[in-house]
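Working notes, structure below.
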Amino acid sequence: MNDLWIISTAILVATSSAILGSFLIMRKMAMIGDAISHAVLPGIVIAYFVTQNRTGFPVLMGAAASGLIVTSFIQFFNRRVRLQMDASIGISYTFLFALGIILISYFGSNVDLDQECVLYGEIAYVPLDQLMIGDTLIGPRQFWILLINLVLVVSAVFIAYRRLVLTSFDEGFATSAGISVVFWQYYLMGGVSLTTVVSFESVGAILVIAFLVGPAATAYLLTDQFKRMIFLAIGTGISASILGYYLAVVTNASIAGAIATVIGIQFMLAFAVYRNKHKWRDSKHAPYDSPVKVEPE
Amino acid sequence: MTWWQEFISFFSFAEPNVEIVFWGSLLLSAVSGLVGSFTFLRKQSLIGDVIAHSVLPGICLAFLIGKEKDPAYLLIGATIAGWLSTVAVDFISSRSKIKSDTAIALVLSVFFGLGVLILTNIQHSGMANQSGLDQFIFGRASAMNPADVQVFAVVDILITLVVLLFFRAFKLLSFDPQFAQSIGFPLDLLRVILSVITVATVAMGVQAVGVVLMSALLITPAAAARFWTDRIRVMMILAVVISAASGVIGAAISYTSSGMPTGPWIVIVLSAMALLSSLVGKNKGLLQARLLRWSNDRKIAIENTLKSFFYLTDGFEDDPGPISSKTLREKSRMHRADLRRGIFFSRLKGFLKKENGGWVLSEEGEKISKETVRKHRLWELYISKFMHLKPDHVHDDAEGIEHIITPEIEAELEELLEFPETDPHDKAIPKV
């Protein structure tokens, strides 16, 4: 039974992340997702210390606040003092992440959060924290929270699908049609922050980025159609969750780490398929004796 | 002991271990400042991030093979994994439609995930001597030993030599790779050398600051230094100094309370320095930019105010006596607030005097007034002559440029226009 709960929790994380990740990589915002996933840490730690509750509303607010802070730091460095984008991202999130680690060390034994948990979560402990209704156990708390998150993410994307797609693919046209690119960007980032926070306990701050970017990138290699890409990404994420769980059992290691490894293997396979298909189209590797001959007039 | 005494006592090297921590942090952060300058200039800061996360599986595998925490072994493992990760990012982004940011995020997280997989496997297997391996994630400078510091010193010297030897080539590679290639620099080889020294720096740093925050050591010093200078040599020296200082201060802070990880404190100190530099830095810092803009605005307000006197007195031919603020407000085309500011500062600088309830220009004020009009009219003539603009199209352009023209440009314009007497509107160009 525990296996099932763990796998389904992982599947819930993978599914929400795959959907959001597909949009992230189309918008070239993968690294901003990475930054946010690192940067929510101090907010989570402070809220957790104050409320002594790992999954309450305050933790969500704390994480959202640090997400906002890191975005404004990036904006400050990039726009106000004209620092290049890569360095702006790098400085901002490492600063907040460092702050989070220091806070954990500082609160020490007062907080039941350890540094390793921050990095790769403890999905194996998910079944230990069961939710009760009346006298019956209805399953792990994490499972239900992640399920609610998935419902939220799916409905948010479903409602605004056309706008999200339009602003992801053609900013110029979206703007001329009166659709605010910035608003939908924040809408998406809101979803990313929320998913990061609720996934934090099970997969940790760094590995959530593997769930966000990996399956979406794999799917992107296999299809040119965006809708198909989202469903492929979800399928990839789900299969990685299942295979990853058993890999972790076999190797007696971290489940989140194992899933991330499987995600990497899936990507390599998709990459091989892609290269095989595009071998002749790629100009760098086109055979010297090109089938199209240019005749001099 | 108070916190401060504790902090100071770090530098007295009272405990033998402290000396090791001091030198370790110093050597490590200094060399990252140096190497990070090139990644920064090449706009590849996030590659440093990838390498830093990706050394983890290398370290763990090296431990699995070697069965012990031999620094040399781990350094080799880390270097191989880090180098592989940069190759993977390049390969994915150049051979498929995947963009580089996605490739970076993917490689970083998958390598890290693999590292976590191997690390937890080692931990769960209860292998002897495994304790302390997880320190590579967050780093603990206090765990350094004299052998580590010796390795650091050797790596530092080697990397510094490489940088000195290839300085010109690296500089060219960072700023203008096409040109570098065209004059025959072996670009691929230079890139490999640069990535090898970057990887080596990261690999040696993870023990002290941990994989997650090592990237900050590469990115932040150069970014902070760039707010003080545009010159690459000065910037690199500054980056090294800032980084080394942050390394030592961070290590000292973490020394003051037990159980504090070193890496995060170094990063906090570094980030504070970068933030401070971005605010008060002499090169494009926020404060400096504000001051510059403020003094420009003031100069423009003064010149425009004084210029209105020229028009109101018909080029100082008439003497209508003191001019009241009301007349100035009505006749000059300036914004009210600008005019008020212009009057205030002109008076402060002695260009303007109050007489019988009106304003009179001092000798110097009159000179500036004429000078401004002169530049304005010279420019009008210049663009109407050389850009073939109609006389009624030249005013707005001249209105802006008159505040910027230096005496040198003015002399050049004069010569180019063969010392003209009148502007395109047939008005006399005043002489000063």
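With respect to A:Pro42, determine if the residue is touching a helix residue (DSSP H, G or I) at 6+ places or on another chain (Cβ under 7 Å), farther than 23 Å from A:Gln225 by Cα and within 14 Å of another protein chain (Cβ to nearest Cβ). When the stated conditions are applied, A:Pro42 passes them. I need the full set of residues from the range B:387-432 which are in contact with a helix residue (DSSP H, G or I) (Cβ under 6 Å, 6 or more places away or on another chain), at pLDDT below 85 and within 13 Å of B:Glu371 (Cβ to Cβ), in order please. Correct list: B:Val432 only. Is it the case that B:Gly139 is touching a residue at least 60 places away in the same chain (Cβ under 8 Å), closer than 23 Å to B:Pro261 by Cα and not aromatic (Phe, Trp, Tyr)? Judged against the criteria, B:Gly139 is a match. B:Ser94 meets each of the listed conditions (1) within 13 Å of chain A (Cβ to nearest Cβ); (2) modelled with pLDDT of 90 or more apart from (2).
Listed here are the residues, each with its yes/no results for (1) within 10 Å of chain B (Cβ to nearest Cβ); (2) part of a loop (DSSP other than H, G, I, E, B); (3) more than 15 Å from the chain's Cα centre (by Cα).
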| residue | (1), (2), (3) |
| --- | --- |
| A:Ser168 | no, no, yes |
| A:Gly172 | no, no, yes |
| A:Ile179 | no, yes, yes |
| A:Ala210 | yes, no, no |
| A:Thr218 | yes, no, no |
| A:Arg228 | no, no, yes |
| A:Thr236 | no, no, no |
| A:Ala240 | no, no, no |
| A:Ala248 | yes, no, yes |
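Among the residues making up the range A:151-208, a single one is on the phi > 0 side of the Ramachandran plot and either in contact (Cβ under 8 Å) with a residue 24 or more places away in the chain or open to solvent by less than 50 Å² (accessible area, probe 1.4 Å) (or both): A:Gly204. Annotation: of all residues in the range B:281-296 being part of a helix (DSSP H, G or I) and open to solvent by less than 60 Å² (accessible area, probe 1.4 Å), the one that is farthest from B:Glu363 (Cα to Cα) is B:Leu286.
Scanning the range B:143-157 for residues that are in contact (Cβ under 8 Å) with a residue 40 or more places away in the chain and either assigned to a helix (DSSP H, G or I) or among the basic types (Lys, Arg) (or both) yields B:Ala143, B:Pro146, B:Ala147, B:Asp148, B:Val149, B:Val151, B:Phe152, B:Ala153, B:Val155, B:Asp156. In the range B:254-269, the residue that is farthest from the other protein chains (Cβ to nearest Cβ) out of those that are touching a residue at least 60 places away in the same chain (Cβ under 8 Å) and within 20 Å of B:Ser215 (Cα to Cα) is B:Thr262.
Is it the case, given these coordinates, that B:Leu270 is open to solvent by less than 10 Å² (accessible area, probe 1.4 Å) and out of contact with any Lys or Arg (no Cβ under 7 Å at 6 or more places or on another chain)? In short, yes. Each residue in the range B:305-329 was checked for being open to solvent by 30 Å² or more (accessible area, probe 1.4 Å) and part of a loop (DSSP other than H, G, I, E, B), and 8 of them qualify.
So that you can scan it fast, the table gives a plain yes or no per residue for (1) of a type in the set (Gly, Ala, Ser); (2) open to solvent by 40 Å² or more (accessible area, probe 1.4 Å); (3) in the same structural domain as B:Gln135 (by TED's automatic domain parsing):
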| position | (1), (2), (3) |
| --- | --- |
| B:Phe11 | no, yes, yes |
| B:Val18 | no, no, yes |
| B:Trp23 | no, yes, yes |
| B:Phe63 | no, no, yes |
| B:Glu68 | no, yes, yes |
| B:Leu74 | no, no, yes |
| B:Ser85 | yes, no, yes |
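When the test is whether a residue is within 11 Å of chain B (Cβ to nearest Cβ) and either open to solvent by less than 10 Å² (accessible area, probe 1.4 Å) or among the charged types (D, E, K, R) (or both), A:Phe23 does not pass it. Report yes if some residue within the range A:143-150 is out of contact with any helix residue (DSSP H, G or I) (no Cβ under 7 Å at 6 or more places or on another chain) and either away from chain B (no Cβ under 14 Å) or open to solvent by 60 Å² or more (accessible area, probe 1.4 Å) (or both); otherwise report no. Within the range A:143-150 (the criterion being out of contact with any helix residue (DSSP H, G or I) (no Cβ under 7 Å at 6 or more places or on another chain) and either away from chain B (no Cβ under 14 Å) or open to solvent by 60 Å² or more (accessible area, probe 1.4 Å) (or both)), the answer is yes, since at least one residue qualifies. Filter the range B:39-85 for residues that are aromatic (Phe, Trp, Tyr) and either over 25 Å from B:Thr220 (Cβ atoms) or within 13 Å of another protein chain (Cβ to nearest Cβ) (or both) and give the result. B:Phe40, B:Phe63, B:Tyr73 - these are the residues of the range B:39-85 that are aromatic (Phe, Trp, Tyr) and either over 25 Å from B:Thr220 (Cβ atoms) or within 13 Å of another protein chain (Cβ to nearest Cβ) (or both). B:Ser45 meets the stated requirement of being in contact with a Leu (Cβ under 8 Å, 6 or more places away or on another chain), surrounded by 24 or more Cβ atoms within 10 Å (Cβ to Cβ) and farther than 14 Å from B:Ala203 by Cα. Hey, among the residues in the range B:298-333 that are among the acidic types (Asp, Glu) and without any contact (Cβ under 8 Å) to a residue 12 or more places away in the chain, which one's farthest from B:Asp423 (Cα to Cα)? My answer is B:Glu330. Please verify whether B:Ser278 is in a helix (DSSP H, G or I) and more than 8 Å from chain A (Cβ to nearest Cβ), treating the condition exactly as stated. No; evaluated as a whole, the condition is false for this residue. Of the residues in the range B:67-78, at least one is under 32 Å from the mean Cα position of the chain (by Cα) and in a helix (DSSP H, G or I). When the criteria are applied in full, B:Met236 meets the requirement of being within 23 Å of B:Thr160 (Cβ to Cβ) and open to solvent by less than 60 Å² (accessible area, probe 1.4 Å). When B:Glu402, B:Glu414, B:Glu418 are screened for being of a type outside the set (Ser, Thr, Tyr), open to solvent by less than 60 Å² (accessible area, probe 1.4 Å), farther than 14 Å from B:Ile302 by Cα and in the same structural domain as B:Lys307 (by TED's automatic domain parsing), only B:Glu414 passes.
Among the residues of the range B:82-89, are any hydrophobic (A, V, I, L, M, F, W, C), under 29 Å from A:Ala210 (Cβ atoms) and free of Cβ contacts under 8 Å to residues at least 12 places away in the same chain? Scanning the range B:82-89 turns up at least one residue that is hydrophobic (A, V, I, L, M, F, W, C), under 29 Å from A:Ala210 (Cβ atoms) and free of Cβ contacts under 8 Å to residues at least 12 places away in the same chain.
Check the range B:102-122 and report whether any residue there is crowded, with 17+ Cβ neighbours inside 10 Å, more than 20 Å from B:Tyr73 (Cβ to Cβ), under 24 Å from the mean Cα position of the chain (by Cα) and within 13 Å of another protein chain (Cβ to nearest Cβ). Within the range B:102-122 (the criterion being crowded, with 17+ Cβ neighbours inside 10 Å, more than 20 Å from B:Tyr73 (Cβ to Cβ), under 24 Å from the mean Cα position of the chain (by Cα) and within 13 Å of another protein chain (Cβ to nearest Cβ)), the answer is yes, since at least one residue qualifies.
The values are calculated or read from the model by the stated rules, or taken from the named source; none is laboratory data. All of these numbers come straight from a predicted model, not from anything done at the bench. Please note: Cβ atoms are built from the backbone with ideal geometry, for glycine as well, and neighbour counts cover all protein chains shown. These accessible areas exclude ligands, DNA and RNA; they are computed on the full protein's heavy atoms, side chains included. Shrake-Rupley method; radii C 1.70, N 1.55, O 1.52, S 1.80 Å.
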